[in-house]
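Structure, as structure tokens:
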Amino acid sequence: MSDISIRNVGRAGRITLNRPKALNALTYEMCLAIEAALDQWRDDEAVALVVIDAEGDRAFCSGGDIAELYERGRAGDFAYGQKFWADEYRLNYKIFSYPKPFVSFLQEFTMGGGVGIGCHGSHRIVGETSQIAMPECGIGLVPDVGGSLLLALAPGRLGEYLGITAVRMDADDAIFAGFADHFILQDQWPDIIKSLEETGVADAITAAEKSPPNGTLRDQQAQIDALFAGEALSDVLTDLRNDDSDFAADALKKLQRNAPLSMACTIEMLHRLRGPSLTMEKALDLEYRFTYRATEHGDFLEGIRAAIIDKDRTPQWQFAGTDVPTAAVGKMLQPLGKNALNLKDTGMKNLTIGFIGLGNMGAPMAANLAKAGHKLRGYDVAGTTAEGVEAVADIEAAAKGADVVITMLPNGSILRQVAAQAIAHMAQGALFIDCSTVDVESARNTSQAAENAGILAVDAPVSGGIGGASGGTLTFMAGGTEAAFAKAKPLFDIMGQKAVHCGDAGAGQAAKICNNMILGATMIATCEAFALADKLGLDRERMFDVVSTSSGYSWSMNAYCPAPGVGPKSPADNGYTPGFAAELMLKDLGLSQQAAEVVDADTPMGALALELYKRFVDEEDGKGRDFSAMLPRFEKRSRNG
Ligand code: NAD
């Protein structure tokens, strides 16, 4: 079961977080999948609003999945976290500025990264069990994912209080502090969601809204304003120590758990942000200055170690509470120059794409991507290139620094070799798409190699032939994670007219093998029928007219007619120059029978088609000709050979 479910239901774009055992903690892949879905739904008129909810009754989302960040950070890889946070913040910004209603249902814990996806939309629903918090200071970070904006906008000094104590808000508190909008009893949520899906309008929300039970923040406001107004963390600590209320003692206890550098930076951030020019962009920019440096220079690794890895809950912070130097705060929050957060849509526009294998199919596919505005670097051992594509000297030159690498190669063993070289030079978070037709095993192996290197992978063989490749009307059958597919989809939309996500790694190849087993058999059937029709004295044009509109129709007849001069233009009109070479059909039929063998499936038509194409290629004149050249073969033959 996937970690996230993204689908269209009625008028709604639907997102359901689906890691209930991990309290729906947000992984990198989940972020990318949500972003890709939002990009797709933005201009889709069928989608009137977006609804996000989560499986399970323990959390909407307890935060970002930080295990990977920790491992990479410990190994000295700071770039991974920097890229993760930049991509996550871009998603938070997209939700904040989304042009359609974005409705979130926030049961139980909504914390950290959960706030980033749950508390920036237009309709934020809380219920009886909701608990919202920004606990980042406890692990050596600062309130981020746009949370600093909400904190800066909260009444009085609530932002400082919530940000550095990490106090949990119930529904009433969350509405008061500006983290939520509507309280609705949770047993009504399924009906409300159904109504949103059916109608595409958010009316049902206000109709079901109730007053939440009283929280605590409203009553504490005066104390909070008095005690959390200090210029720096040390002032706040002094004010709390000089106050003999239970509230002050309790707050001090909470602050003792958290990283002093993080708390000092949080206060400074809120002071800098508050004011008339406050924007989400500014908040995210400031947050990123801290998180960009957090793994290398902050207390982040120590915070995770103490809280999650060793669970000893005795972190050794860099500074004590009262003596965080102003210079240390300044250093964490100074501008990042060329590394500053870029919220521009770096999703899937103006990409650098390495395209390897510029043959009959690859060349026109690459040309279409270039035409759409992407920067294409192409490599083919045969030295071929394509329109708008910069020819490069080797695989490394195609793959290094590319956002996406696409391969269109003859077979699985070549794919494995090429993929190994390309992946070694690709950056983490980049995308590898293989569009060749290969065996399921090679597809899975390639996908695993990519995943091990932190690269998203999709096996996406195509159907539609060179006509589809040139015209941008291919069908893609894709295997891979939800996130990888979502990221690849805009490119499939350029090169094709349809892309089906068939399942996990290898599922695209499985679909392709089945499709081409049918294609091989129908092409043979079409060719033998034309040869029979000839001998029966039936005109080929008439034969085409009848069959193409009767029950014998197929792609082989209607779109790729093997008879020259009949039907739409096809390789038959070009002396059977491939098109789709007979050897490639033989390869695909071999793959289908190999797969059938492994899973013990009975495929007699596929087996016979394989035998005929084998004879055609190995013993007759099929090699180097289009797979539809079976027709001249049958013409020459009699019933006994
Ligand atoms: P092709 O032989 O025309 O193209 C393959 C290209 O890969 C060639 O130009 C070759 O020089 C290049 N190549 C081989 N090894 C390489 C390497 N190590 N590094 C770089 N380049 C290398 O074949 P095609 O018709 O373009 O088909 C490509 C793939 O698409 C195949 O897997 C095929 O089964 C599949 N396919 C083809 C069609 C079709 O109609 N042609 C339709 C659907 C799927």
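Overview of values
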{"read-out": "Residues whose placed amide H lies under 5 Å from that of residue 108, excluding near-sequence neighbours", "value": "129, 130, 131"}
{"read-out": "Cα-based helix-to-principal-axis angle, 604-618 vs the chain, degrees rounded to 10", "value": "70"}
{"read-out": "Sequence-separation-based contact order of region 4-339, relative, with Cα cut under 8 Å and 6+ spacing, percent", "value": "17"}
{"read-out": "R0 of 45 Å, Cβ-Cβ distance residue 473-residue 318: FRET efficiency to nearest 0.05", "value": "0.15"}
{"read-out": "Other-chain or far-sequence residues with amide H under 5 Å of residue 351's (modelled H)", "value": "375"}
{"read-out": "Kirkwood hydrodynamic radius of the chain, from inverse mean 1/r over distinct Cα pairs, in Å", "value": "27.5"}
{"read-out": "Length-normalised contact order for the chain - Cα pairs under 8 Å, 6+ apart - percent", "value": "9"}
{"read-out": "Derived scalar couplings ³J(HN,Hα) [region 229-236; Karplus, 6.51 cos²θ - 1.76 cosθ + 1.60; whole Hz; x for Gly, Pro]", "value": "9, x, 5, 9, 4, 4, 5, 4"}
{"read-out": "√(5λ) per eigenvalue of the Cα gyration tensor, region 75-165, largest first, Å", "value": "22, 18, 13"}
{"read-out": "Per-residue HN-Hα couplings for region 507-515 [Karplus 6.51, -1.76, 1.60; θ = phi - 60°; Hz; x = Gly/Pro]", "value": "5, x, 5, 4, 5, 5, 4, 5, 4"}
{"read-out": "Unsatisfied cross-links (Cα-Cα over 29 Å) in the set 338/400; 498/623; 253/282; 487/569; 94/375; 371/614", "value": "498/623; 253/282; 487/569; 371/614"}
{"read-out": "Charge dipole (debye, nearest 20) of region 4-339; +1 at Cβ of Lys and Arg, -1 at Cβ of Asp and Glu", "value": "620"}
{"read-out": "Solvent accessible area, Å² - residue 608, 1.4 Å probe, full protein context", "value": "90"}
{"read-out": "Rh by Kirkwood over Cα pairs, then Stokes-Einstein D for region 501-557 at 0.890 mPa s and 25 °C, µm²/s", "value": "190"}
{"read-out": "Region 513-635 - Rg over Rh from alpha carbon coordinates, Kirkwood radius", "value": "0.98"}
{"read-out": "At R0 = 30 Å, FRET efficiency that the Cβ-Cβ distance of residue 428 and residue 498 yields, to 0.05", "value": "0.50"}
{"read-out": "Angle between the chain longest axis and helix 260-273 axis [Cα atoms, degrees, rounded to 10]", "value": "80"}
{"read-out": "Helix-derived mean residue ellipticity, 222 nm - over the chain, DSSP H n ≥ 4, -39500 (n - 2.57), to 500", "value": "-14500 deg cm²/dmol"}
{"read-out": "Relative contact order (%) - region 352-505, alpha-carbon pairs under 8 angstrom, separation at least six", "value": "20"}
{"read-out": "Cα-based helix-to-principal-axis angle, 362-371 vs the chain, degrees rounded to 10", "value": "50"}
{"read-out": "Linear extension gain, residue 44 paired with residue 614, 0.36 nm per residue minus alpha-carbon span", "value": "200.5 nm"}
{"read-out": "With DNA, RNA and ligands ignored, accessible area of residue 451 (1.4 Å probe; Å², nearest 10)", "value": "120"}
{"read-out": "Computed lengthening from residue 239 to residue 281, 0.36 nm per intervening residue step minus Cα-Cα distance", "value": "11.9 nm"}
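The values are calculated or read from the model by the stated rules, or taken from the named source; none is laboratory data. Just so it is clear, the structure is predicted and the values come from calculations on it, not from any experiment. FYI the Cβ positions are ideal-geometry reconstructions off the backbone, even for glycines, and counts take in every protein chain you see. What goes into the accessible areas is simple: the full protein's heavy atoms, side chains included, and nothing from ligands, DNA or RNA. Shrake-Rupley method; radii C 1.70, N 1.55, O 1.52, S 1.80 Å.
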